[in-house]
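**Student:** Sharing a structure with you now.
The values are calculated or read from the model by the stated rules, or taken from the named source; none is laboratory data. What you see is a predicted model, and the numbers here were worked out from it, not measured in a lab. In this analysis, Cβ positions are derived from the backbone assuming ideal geometry, glycine residues included, and neighbour counts consider all displayed protein chains. Only protein heavy atoms, including side chains, enter the accessible area calculation; ligands, DNA and RNA are left aside. Shrake-Rupley method; radii C 1.70, N 1.55, O 1.52, S 1.80 Å.
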Amino acid sequence: MSLRDWSLLIFLSILWGGSFFFVRVALDDLPPLTLVLSRVLIGAAVLAVVIRIAGESLPRRPMVWFTLAVMALLNNVIPFSLIFWGQTAIPAGLAAILNATTPLFTVVVMHLFTTDDRASPNKAAGVALGFLGVVVLVGPAALGRLDTPLWAIAACLAATLSYAFSGLWGRRIKALGISPTITAWAQLSVTTVVMTPIVSLVDRPWTLAMPGMPAILAVLALAILSTALAYIIFFRLLATAGPSNLLLVTFLIPVSTILLTSLFLGERLAPTHFAGMALIGLGLAAIDGRLWQRMVGARTG
């Protein structure tokens, strides 16, 4: 990757790592589902302006919108709701570590449901290491040794499984011939349509107290920086650096989140959380494969 690609990758990790930080701040004043709706509504509005400036046209075929609607369900509605709900009870840093298991679940889902993306030996080893990391993370909570609700951990892991299935479904999008910005806007717009009646029935946001300025700023940052801007950078890197290099962002997101929450919120993680993160990191490195290839190359060279 070029120096510019590396800079964008690090910036993207800060934006996405910051999303867990912004969510933690906003949840002090807003319920999870209302926060999901706020994020996607504002993010869709920002991307609509970008599309308007770029002069892009919206898709008209019903099949395109059906494909994008399913993608919105798997990539936004379900995981956003589960992660935000989980973050009401666990530290943002732990949520980010759990979110880093997405590539592990993706390898399993692709192996089970595709014929052209089967798990190689290094991927299988990576999944085993990664899930050992999950066991280290979840074990103390399951045994009641940490004040960490098991349901919150399960919610975050279920969200990563939904992300994995969104990756499987997302293979259909390339054939649609629509731009990445339109894809991102459509997902956020469909999510807005789906979440609006749910939030109206469950949260009745018009009855909620006015959130404080920290929560308002966190929502704006979450929607504009960690959603709209992050999507634009993500799709640019996808085109210039490729999906394999984009996997590297998964290593960096928990680090960004832990630094932000420890500096500004005073959150502290247990030693088992860091041990689990290390094992998940080793698993991701095995899935990526490049570190192993370099080690083998150094020995044979």
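**Student:** Condition check: without any contact (Cβ under 8 Å) to a residue 12 or more places away in the chain, assigned to a helix (DSSP H, G or I) and farther than 14 Å from residue 19 by Cβ. Does residue 185 satisfy that?
**Tutor:** On the way: without any contact (Cβ under 8 Å) to a residue 12 or more places away in the chain: no; assigned to a helix (DSSP H, G or I): yes; farther than 14 Å from residue 19 by Cβ: yes.
It is false that residue 185 is without any contact (Cβ under 8 Å) to a residue 12 or more places away in the chain, assigned to a helix (DSSP H, G or I) and farther than 14 Å from residue 19 by Cβ.
**Student:** Would you check if there is a residue in region 67-74 being closer than 24 Å to residue 175 by Cα, free of Cβ contacts under 8 Å to residues at least 40 places away in the same chain and among the polar types (S, T, N, Q)?
**Tutor:** So in region 67-74, the residues closer than 24 Å to residue 175 by Cα come out as 67-74.
Add one more test, that the residue is free of Cβ contacts under 8 Å to residues at least 40 places away in the same chain, and what stays is none.
No, the conditions are met nowhere in region 67-74.
**Student:** Determine whether region 111-131 contains at least one residue that is hydroxyl-bearing (Ser, Thr, Tyr) and closer than 30 Å to residue 189 by Cβ. Let's see the steps before the verdict.
**Tutor:** If we filter region 111-131 for residues that are hydroxyl-bearing (Ser, Thr, Tyr), which is where we start, we get 114-115, 120.
From what is left, the residues that are closer than 30 Å to residue 189 by Cβ are 114.
For region 111-131, residues hydroxyl-bearing (Ser, Thr, Tyr) and closer than 30 Å to residue 189 by Cβ: present.
Let's see how each residue does on (1) at pLDDT 95 or above; (2) of a type in the set (Gly, Ala, Ser); (3) more than 24 Å from residue 218 (Cα to Cα); (4) surrounded by 20 or more Cβ atoms within 10 Å (Cβ to Cβ):
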{"position": "31", "(1), (2), (3), (4)": "yes, no, no, no"}
{"position": "51", "(1), (2), (3), (4)": "no, no, yes, no"}
{"position": "61", "(1), (2), (3), (4)": "no, no, yes, no"}
{"position": "82", "(1), (2), (3), (4)": "yes, no, no, yes"}
{"position": "91", "(1), (2), (3), (4)": "no, no, no, yes"}
{"position": "97", "(1), (2), (3), (4)": "no, no, no, yes"}
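**Student:** OK, next. Give region 111-134 a look and list any residue that's farther than 19 Å from residue 157 by Cβ, of a type in the set (Gly, Ala, Ser) and either assigned to a helix (DSSP H, G or I) or at pLDDT 85 or above (or both), or say none.
**Tutor:** 124, 125
**Student:** Something else: Check residue 237 against each of (1) open to solvent by 30 Å² or more (accessible area, probe 1.4 Å); (2) in contact (Cβ under 8 Å) with a residue 24 or more places away in the chain and name the one condition it does not meet.
**Tutor:** The one condition residue 237 does not meet is (1).
**Student:** OK, next. Which is more than 29 Å from residue 189 (Cβ to Cβ), in contact (Cβ under 8 Å) with a residue 60 or more places away in the chain and either in a helix (DSSP H, G or I) or open to solvent by less than 50 Å² (accessible area, probe 1.4 Å) (or both), of 256, 226, 262?
**Tutor:** Values: 256 fails: more than 29 Å from residue 189 (Cβ to Cβ); 226 fails: more than 29 Å from residue 189 (Cβ to Cβ).
Every option except 262 fails the conditions.
**Student:** Taking region 1-59 as the region of interest, how many residues are farther than 21 Å from residue 264 by Cβ and of a type in the set (A, V, I, L, M, F, W, C)?
**Tutor:** 22
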